[in-house]
1. List the trypsin sites (Lys or Arg not before Pro) in the stretch 136-174 that DSSP assigns to loop (not H, G, I, E or B) and whose Cβ has at most 15 other Cβ atoms within 10 Å. Which are they?
2. In whole angstrom, and with the biggest value first, how far do the Cα coordinates of the chain range along each principal axis?
3. Among DSSP beta bridges whose residues both lie in the chain, state the antiparallel percentage, nearest 5.
4. Going by alpha carbons, how many degrees (0 to 90, nearest 10) lie between the helix axis of 97-110 and the longest principal axis of the chain?
5. For Leu88, Leu180, what's the fewest-to-most ordering of other Cβ within 10 Å of each Cβ?
6. What residues from the stretch 83-100 fall in the zone where the backbone N is under 15 Å from a label point 7 Å along the Cα-to-C-beta line of Arg14?
7. Can you pick out the pairs among Lys23/Lys99; Lys97/Lys140; Lys23/Lys140 whose Cα atoms lie more than 21 Å from each other?
8. Can you give the calculated 222 nm mean residue ellipticity of the chain, where each DSSP H run of n ≥ 4 adds -39,500 (n - 2.57) and the sum is split over every residue, rounded to the nearest 500 deg cm²/dmol?
Amino acid sequence: KERSDAADVEVFARNYSFVADAKSFRLSRTAKNQKDFKVQAIDGWKRGKPYAMIVCPIYQLPNTSSQIYHQATTRNVCVFTYSHLALLLAFSKKAGKTKAHEFLTKIFKTIPVINPSKSAVDYWTTVNKTILSFSKNIEKLWNIEKEASSESIFLAKEEALIYLANEREKIMRMSHQEALLELIKVHKIDSKIKIINSISDNGLFTIK
């Protein structure tokens with residue numbers, strides 16, 4: 001059962017500690033607001049720990065302007081993507097855990113020095129430059145993860161669209177009465193298809 005008064009993850013490393021939370025939404029979910037990401041909440045869940053992180057799918061984060069980034073920079077909460085996290089794990093395998101700890105610490109220390117702003121470009125420019133400047137080995141891993149991110153988004157979209165197409169076909173084959181009953185439960189399929197088709201990686205990996 002999900003707790004409402006604590007972060008999902010608490011991490012205790014040798015020289016630092018942090019709390020973390022993971023977010024994920026349906027592909028067809030309409031616009032998300034800052035309450036969905038719980039930046040303010042996780043700041044309160046630090047309880048003495050210096051850092052906090054929220055990890056989200058790359059395609060579900062705003063890429064222009066959002067209160068999410070203003071809250072993150074004012075409350076010292078690192079907004080991260082699963083793609084960036086995968087990059088960190090790949091670097092850990094290549095360079096070792098000690099270097100990976102240094103890498104993560106540098107990312108955490110970058111957040112509070114970002115000028116508080118709603119700008120996604122300002123936030124991700126700083127974070128991505130910090131990542132890319134940490135080691136000469138990063139850029140190759142970056143390009144691999146960027147490609148993997150695009151591929152995973154494509155596959156997720158295909159799976160979701162096939163499901164909705166099957167749902168549409170099922171409804172079209174129903175009798176009038178069956179269709180009326182089904183419409184009580186299933187609706188907005190065309191809208192969901194439009195939302196899914198519009199999904200991309202938001203270009204967050206190109207901001208550097």
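Taken together, the values in this text are just the output of simple stated rules run on the coordinates, not laboratory data. Bear in mind that the values here come from a model prediction, so they are computed numbers and not experimental data. Every residue, glycine as well, gets a Cβ built from its backbone with ideal geometry; the counts of neighbours run over all protein chains shown.
1. Lys136, Arg173
2. Taking the Cα atoms of the chain, the three principal extents are 65, 38, 31 Å.
3. The answer is about 35 percent antiparallel.
4. Around 80 degrees separate the two axes.
5. Listed from fewest to most nearby Cβ atoms, that is Leu180, Leu88.
6. It comes to 96-100, nothing else.
7. In this structure, Lys23/Lys99; Lys23/Lys140 exceed 21 Å between Cα atoms.
8. Values: 9 runs with 116 residues, N = 208.
Counting only the DSSP helices, I get -17500 deg cm²/dmol.
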